[in-house]
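A short reminder: the numbers here are calculations on the coordinates, not readings from a lab. Quick caveat, the model's predicted, so the values are computed rather than measured.
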Amino acid sequence: MEHFKNSIVESINSTNEEFKTPSRKYTKNDLVFMAGYKQALQDMLEDFTNDYDKFLNDLIKQSLN
C-alpha cells in the first residue's frame with residue numbers, strides 16, 4: 001500500500017515540476033488538463049490516506065478483540 005501512495009505522490013511531484021519547468025510548449029487546453037489531473041491525484045491521495053488510516057485502525061481494534 002505504501003508503494004501505491006508513493007506512486008501517487010511521485011506523480012503529483014512530477015506534474016508540479018512539469019508546471020515549473022515545462023519539457024515542451026503546452027497549449028491552454030493541455031495546461032487545463034494537467035491541472036485537472038493534478039487535482040484528481042491530490043483527491044485520490046487524500047481519500048486513500050483517510051481510508052487507509054481508518055482501515056488500519058479498524059484492523060488494530062479487531063485484532064485486540
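Things to note:
- Angle in degrees between helix 28-64 and the longest Cα principal axis of the chain, rounded to the nearest 10: 10
- Helix 2-20 and the long axis of the chain differ in direction by around 20°, with both axes built from C-alpha atoms.
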